[in-house]
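Presented below is the structure to which this report refers.
The values are calculated or read from the model by the stated rules, or taken from the named source; none is laboratory data. Note that the structure is a prediction, hence the values are computed from the model and not measured. When we count neighbours, we look across all protein chains shown, and the Cβ atoms used for this are built from the backbone with ideal geometry, even at glycine. We work out accessible area using only protein heavy atoms, side chains counted, and drop any ligands, DNA or RNA first. Shrake-Rupley method; radii C 1.70, N 1.55, O 1.52, S 1.80 Å.
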Amino acid sequence: MSTVATTGAPPRRSLGEFILEQLRPHGPILTPFNIISAPIILAGMVLVVIRFWKGIGAVSNLSQAHPWGVWVGFDVMTGVAFAGGAYILTAAVYVLHAEKYHPIIRATVLNGLLSYMFYSGALMIDLGRPWHIVNPIIGNKFGYSSIMFLVAWHFLLYTLSEFIEFSPAIAEWLHLPKLRQVLKALTLPTVIIGVTLSTLHQSGLGALFLFNKNKLHPLWYTEFLPVLFLVSSVFAGLSMVIFEGSITHRAFRIQIDPKKHHEFDEITLGLARGAAATMYVYLFFELLVFLHGKHWRYLNTGWGAWWLVEMVGFVAIPLALYAHGYERRRLGAIRVAAALTLVGVMLNRLNVCMIAFNWKSPVKYVPAVSEVVITLMVVFLEIWAFRWIVHRLPVLREAPAPAQEG
Amino acid sequence: MDRRKFLELAGTAGAMAAGAGLAKAATKAAKPSDNKEKDEEFVAVLVDTTRCIGCRRCEVACAQVNGLPVPDPARDGALEKDRKTTVDQWTVVNRRETEKGEVFVKTQCMHCEQPACAAACPTKAMEKTHLGPVIWHPDRCMGCRYCMMACPFEIPRFEYDSWNPRIRKCIQCYERLQDGEQPACVEACPQEALMFGKKSDLLQEARSRVYRHPDKYFHHIYGEHEAGGCGWLYLSAVPFEELGFPTDVGTTPYPEYTKDFLLSVPVVDMIVPPLLYGLYELTSRKERVQEQEEGA
Ligand code: SF4
Ligand code: SF4
């Protein structure tokens, strides 16, 4: 681990020295995480080369009946929901003045920003003709009546908002106090715009499946898919913050002021309460849809059982655990609840996008190993980037006073 | 009315108008982009499955005009399997065993009047032309495969084995139609099982066939209203499930399913920010009051 103090002094070194210093690894190299992730990243890169050379079919099991697999279902659908913590927490802190959550804002926003950057990278692998992605962006051909088009634009603009929200940390890192002040002033308007953009692209991901009335199993198809996606993005995001926080605070413990540890427990309890409340709303919606669509007809089929696994095992049970953990102040229970919730949201997105999609077709989809390796590559790369930044920028620790002033 | 309230109201009204505009655009996108005259009518093909003998000359003709591998109906035994269209077979004839014996069914893109694929496409690569055919533009498509997800008939095909994949499907011989010719498959059919013309004329023809031979036909013209109306119409002796047609596509034009959401996008975009700002002001005031009370 590096000594934090070195970054405190204003840079008197040359730019070259500064860059070299920042590029040097700041932690031990042979950690278990590195030993597992490095070969997977390398393998993934080889597979990506094969994909661009021989086509998507060479590395995936995607088919005419199942055009979207784990790259969309996990990287995009699940990843975006998991990154929902950033818009919820920025709204809480900057709009509603819930100062209590301020200490975790930067890490959460950084996580969201990196997720979005890496997911759009993953999307390039999934798009058949990625060089034409500029068409909907620069207005060659605006399909502005397409949900996909709207989601893409909201996604893009939100990534930009997150970058602006995070940028004061970069200014502190580079010791540019004047710039930092300007960027800081942008925070409130950016947060307001960012939250708006988020509600729309989170729900828009659900709206993508509104066409699939005859293709998506009725237990998952409803005209309320956009609402369900939006509500579940709230507790998915909060659960990710809890889950990710419990890991980073162990991994980067040295960066955190020991006095703060108690504060983090309080934050976790608050997040758990928020997650439980939104999960309750979500379950209620699901129940309404269930009753209104007379869906009990499907319950004694295999699909019904699978749906119950999702709803009971990964929504109702973690909800109960969250409530219990909050009441009794049991952080362990809360962490388990967070993990279960994340699995549940992932199951839901995968069900909608691939498992219960085209359920009547005899063609089934099971991801190829190489598809999963590429997906893991994206996730690991994101974690590497996160770690690199946390070791260098004031994300978890406070910036030294001189960098903040000005 | 104070200023902020007024601004909010004005914003709402503006957002509503913008929303209505977007929704209108949505229904328009699925409609022909180059429709010069409003009452121009789409062309269609009527398939009478009671006349088809399964010779698959339509498949051969299709492959020939579109430069696809030409099948050999006499030898390839393709009727033994239940086939779907593929990247290089844009139309396939399947044999079905039904209550009234063996029936042959030609399948291909339905050329919907308000196609899901065109409404879905973010780059307008899928286009409903003014003539009727739904075509694909290679210079626009980014390969997201959302058209494949959206199509209720599972028609667009993607070249998974190419570094530069295309979306492939029947384009109803768009270029031939522009030259005043018929689709190649219609021309090739020796049984007049396929008939080309204006949709309204073909509907009339179909109805009169059913009327004249009420015992021979199942009383439904598939494609008249399916998915909001298609450019391919089918007559059959048996219920359409037995021929393997999706009977759960409904009669709602597909763009309708996303209309409400599209309508709400600009509304949310314009209403939420002032709302959030209002909350910001409200909570800062509360905090100030609290601080004062604590200070006192
Ligand atoms: S059948 Fe499918 S591909 Fe053909 S026009 Fe309709 S939605 Fe588009
Ligand atoms: S794959 Fe191409 S044609 Fe199909 S929706 Fe995407 S951009 Fe449009």
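Numerical summary
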{"item": "Residue check for A:G344: assigned to a helix (DSSP H, G or I), of a type in the set (G, A, S) and farther than 28 Å from A:F285 by Cβ", "result": "no"}
{"item": "Verdict on B:R209 being more than 16 Å from ligand 2 (Cβ to nearest atom), in contact (Cβ under 8 Å) with a residue 40 or more places away in the chain, of a type in the set (K, R) and more than 20 Å from B:K128 (Cα to Cα)", "result": "yes"}
{"item": "Residue, surrounded by the most Cβ atoms within 10 Å (Cβ to Cβ), within the stretch B:115-132, restricted to residues that are more than 7 Å from chain A (Cβ to nearest Cβ) and more than 9 Å from ligand 1 (Cβ to nearest atom)", "result": "B:A125"}
{"item": "Any hit, the stretch A:170-187, residues being small (G, A, S) and within 14 Å of another protein chain (Cβ to nearest Cβ)", "result": "no"}
{"item": "Conditions (1) open to solvent by less than 10 Å² (accessible area, probe 1.4 Å); (2) touching a Ser or Thr at 6+ places or on another chain (Cβ under 8 Å); (3) within 14 Å of ligand 2 (Cβ to nearest atom); (4) closer than 18 Å to B:C185 by Cβ: number failed by B:I155", "result": "(1)"}
{"item": "Check on B:Q204, more than 15 Å from ligand 2 (Cβ to nearest atom) and buried (at least 23 other Cβ atoms within 10 Å of the Cβ)", "result": "no"}
{"item": "Filter result (within 16 Å of ligand 1 (Cβ to nearest atom) and charged (D, E, K, R)) within the stretch B:204-243", "result": "B:E224, B:E226"}
{"item": "Hey, B:Y146 among the hydroxyl-bearing types (S, T, Y), within 15 Å of ligand 1 (Cβ to nearest atom) and surrounded by 24 or more Cβ atoms within 10 Å (Cβ to Cβ) or not", "result": "yes"}
{"item": "Where a residue in the stretch A:54-67 is on the phi > 0 side of the Ramachandran plot and its partner, wherever it lies, is open to solvent by less than 10 Å² (accessible area, probe 1.4 Å), with Cβ under 7 Å and at least six apart", "result": "A:G55/B:P165"}
{"item": "Single match in B:Y254, B:Y217, B:Y234, B:Y222 (criterion: within 14 Å of chain A (Cβ to nearest Cβ), open to solvent by less than 60 Å² (accessible area, probe 1.4 Å) and aromatic (F, W, Y))", "result": "B:Y254"}
{"item": "Given (1) within 14 Å of chain A (Cβ to nearest Cβ); (2) among the hydrophobic types (A, V, I, L, M, F, W, C); (3) buried (at least 17 other Cβ atoms within 10 Å of the Cβ), index of the condition B:W163 fails", "result": "(3)"}
{"item": "A:G206 vs. criteria within 14 Å of chain B (Cβ to nearest Cβ) and either without any contact (Cβ under 8 Å) to a residue 40 or more places away in the chain or under 17 Å from the mean Cα position of the chain (by Cα) (or both)", "result": "yes"}
{"item": "Among residues of the stretch B:160-170, those that are farther than 16 Å from B:A227 by Cβ and more than 11 Å from ligand 2 (Cβ to nearest atom), counted", "result": "5"}
{"item": "Near pairs, Cβ below 9 angstrom, 6+ apart or cross-chain, from the stretch B:220-237 (farther than 18 Å from B:T50 by Cα) to any residue that is part of a strand (DSSP E or B) and within 16 Å of ligand 2 (Cβ to nearest atom)", "result": "B:G231/B:V134"}
{"item": "A:Y101, sole failed condition from (1) surrounded by fewer than 19 Cβ atoms within 10 Å (Cβ to Cβ); (2) in contact with a helix residue (DSSP H, G or I) (Cβ under 6 Å, 6 or more places away or on another chain); (3) in contact (Cβ under 8 Å) with a residue 12 or more places away in the chain; (4) under 19 Å from A:F264 (Cα atoms)", "result": "(1)"}
{"item": "Total residues in the stretch A:291-322, condition closer than 15 Å to A:L219 by Cα, free of Cβ contacts under 8 Å to residues at least 60 places away in the same chain and hydrophobic (A, V, I, L, M, F, W, C)", "result": "9"}
{"item": "Inter-residue pairs, beta-carbon under 8 Å, first more than 15 Å from A:E398 (Cα to Cα) and in the stretch A:249-270, second open to solvent by less than 50 Å² (accessible area, probe 1.4 Å) and β-branched (V, I, T), 6+ apart", "result": "A:I267/A:I104; A:T268/A:I242; A:T268/A:I334; A:L269/A:I334"}
{"item": "Qualifying residue in the stretch B:227-239 (condition: in a loop (DSSP other than H, G, I, E, B), at pLDDT 95 or above and in contact with a His (Cβ under 6 Å, 6 or more places away or on another chain))", "result": "yes"}
{"item": "Matching residues, the stretch A:209-228, being touching a Gly at 6+ places or on another chain (Cβ under 9 Å) and away from every other protein chain (no Cβ under 11 Å)", "result": "A:L219, A:T222, A:L228"}
{"item": "Candidates A:V46, A:V76, A:V80, filtered to the one that is away from every other protein chain (no Cβ under 14 Å) and under 13 Å from the mean Cα position of the chain (by Cα)", "result": "A:V80"}
{"item": "Odd one out for B:H137 among (1) farther than 28 Å from B:R56 by Cβ; (2) surrounded by fewer than 22 Cβ atoms within 10 Å (Cβ to Cβ); (3) out of contact with any strand residue (DSSP E or B) (no Cβ under 7 Å at 6 or more places or on another chain)", "result": "(3)"}
{"item": "Residue in the stretch B:85-114 that is farthest from B:Y257 (Cα to Cα), counting only those that are at the interface with chain A (Cβ under 9 Å from one of its Cβ atoms) and within 16 Å of ligand 2 (Cβ to nearest atom)", "result": "B:V87"}
{"item": "Where a residue in the stretch B:268-292 is more than 7 Å from every other protein chain (Cβ to nearest Cβ) and acidic (D, E) and its partner, wherever it lies, is in a helix (DSSP H, G or I) and open to solvent by 70 Å² or more (accessible area, probe 1.4 Å), with Cβ under 9 Å and at least six apart", "result": "B:E281/B:R4"}
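Table: residues versus (1) closer than 20 Å to B:E256 by Cα; (2) touching a helix residue (DSSP H, G or I) at 6+ places or on another chain (Cβ under 8 Å); (3) touching a residue at least 40 places away in the same chain (Cβ under 8 Å).
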position	(1), (2), (3)
B:A119	yes, yes, yes
B:K124	yes, yes, yes
B:R168	no, no, yes
B:Q182	no, yes, no
B:A188	no, yes, yes
